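Below: the structure, in structure tokens.
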Amino acid sequence: MANHEFKWKHFSPEIILWCLRWYGSTPMSYANISDMLAERGISVDRSTIYRWFIEYSPSLRKKLRHYQFINTDSSWQLDETYVKVKGKWFYLYRAIDKQGNTLDKQPKTLNADKHASYAHAIALLKKRGLLRKDVKHRQVKFLNNGIESDHSSIKKLITATGGFKINKRAWATIQGFESLRMLNKGQFDVWLRRDERKTIVRERGEYGDSS
């Protein structure tokens, strides 16, 4: 992210980005991160770190989309997990490709379990022009093992938040989690490091994930 995006902030962009990376990659609270900074002689209130994450997560996700390497003809694994907001459970739908890359664009094939809602939702998206009409839908449970395993890292981060109270802030936080997970998987290495893209997903420094 460019320095001008942090204009008028009391702290340097590096400190703000540290906080985004730590909170978005590890199951720590805002208070934990505030304590870590204090040990380094930097005093930042946990409420400030919270505001940074809510403010910058959507813009980080938007910026990364411009550099995301995706084969649009790939086969996706689609599955749902759950998020509690203000005491109510909501579905959170997530997708990965065959290599385990987190995705948010359009595939050639959608692999899902046999949950009845998928066929109706996919048909509705096609009707509204939000999904290409040639996208195939396959309901074969064993093809979805990858995405079911991939949920675990995001769920650890969501659990560590202690719960959400506002839908908009829940969505902003989850966008941040997904963006940092994509970075940790090495999905932007071609752009960030100019190295050759690996076909095997590489997890770098993500707490509690051995995938």
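The values are calculated or read from the model by the stated rules, or taken from the named source; none is laboratory data. These figures come from a predicted structure and were not determined experimentally. Here Cβ is always computed from backbone atoms with ideal geometry, including for glycine, and neighbour counts include all displayed protein chains. Side chains are part of the model used for accessible areas, which takes the heavy atoms of the whole protein and leaves out ligands, DNA and RNA. Shrake-Rupley method; radii C 1.70, N 1.55, O 1.52, S 1.80 Å.
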- Specify the residue that is most open to solvent (accessible area, probe 1.4 Å); the eligible residues are those in the stretch 106-120 that are in a loop (DSSP other than H, G, I, E, B) and under 10 Å from Gln77 (Cα atoms). Asp113
- Go through Ser25, Ser59 for me and flag whichever is at pLDDT 90 or above and within 30 Å of Phe6 (Cβ to Cβ). Ser25
- Name the one entry in Ala112, Ala95, Ala170, Ala119 that is farther than 30 Å from Ile49 by Cβ, in contact with a Phe, Trp or Tyr (Cβ under 6 Å, 6 or more places away or on another chain), among the small types (Gly, Ala, Ser) and touching a residue at least 12 places away in the same chain (Cβ under 8 Å). Ala112
- Does the stretch 107-126 hold any residues that are out of contact with any strand residue (DSSP E or B) (no Cβ under 9 Å at 6 or more places or on another chain) and farther than 25 Å from Asn167 by Cβ, and which are they? Lys126
- Query: Only one residue in Ala123, Ala31 is part of a helix (DSSP H, G or I), over 23 Å from Ala172 (Cα atoms), open to solvent by 20 Å² or more (accessible area, probe 1.4 Å) and of a type in the set (Gly, Ala, Ser). Which one?
  - Reply: Ala123
- Task: Considering only residues that are part of a loop (DSSP other than H, G, I, E, B) and touching a helix residue (DSSP H, G or I) at 6+ places or on another chain (Cβ under 9 Å), look in the stretch 135-162 and name the one that is farthest from Lys88 (Cα to Cα).
- Result: Val135
- Query: In the stretch 85-97, what residues are open to solvent by less than 90 Å² (accessible area, probe 1.4 Å) and assigned to a strand (DSSP E or B)?
  - Reply: Val85, Phe90, Leu92, Arg94, Ala95, Ile96
- Task: Filter the stretch 6-28 down to residues that are open to solvent by less than 50 Å² (accessible area, probe 1.4 Å), assigned to a helix (DSSP H, G or I) and in contact (Cβ under 8 Å) with a residue 24 or more places away in the chain, then give me how many there are.
- Result: 7
- Meets criteria (buried (at least 16 other Cβ atoms within 10 Å of the Cβ), under 30 Å from Glu14 (Cα atoms), out of contact with any Pro (no Cβ under 8 Å at 6 or more places or on another chain) and without any contact (Cβ under 8 Å) to a residue 40 or more places away in the chain) for Leu103: yes
- Collect the residues in the stretch 144-161 that are modelled with pLDDT of 85 or more and open to solvent by 40 Å² or more (accessible area, probe 1.4 Å), keeping them in residue-number order. Ser152, Lys155, Lys156, Thr159
- Message: When you scan the stretch 127-143, do you find a residue that is modelled with pLDDT of 85 or more and touching an Asp or Glu at 6+ places or on another chain (Cβ under 6 Å), even just one?
- Response: no
- Residue in the stretch 17-29 that is more than 14 Å from the chain's Cα centre (by Cα) and farther than 18 Å from Phe177 by Cα present: no
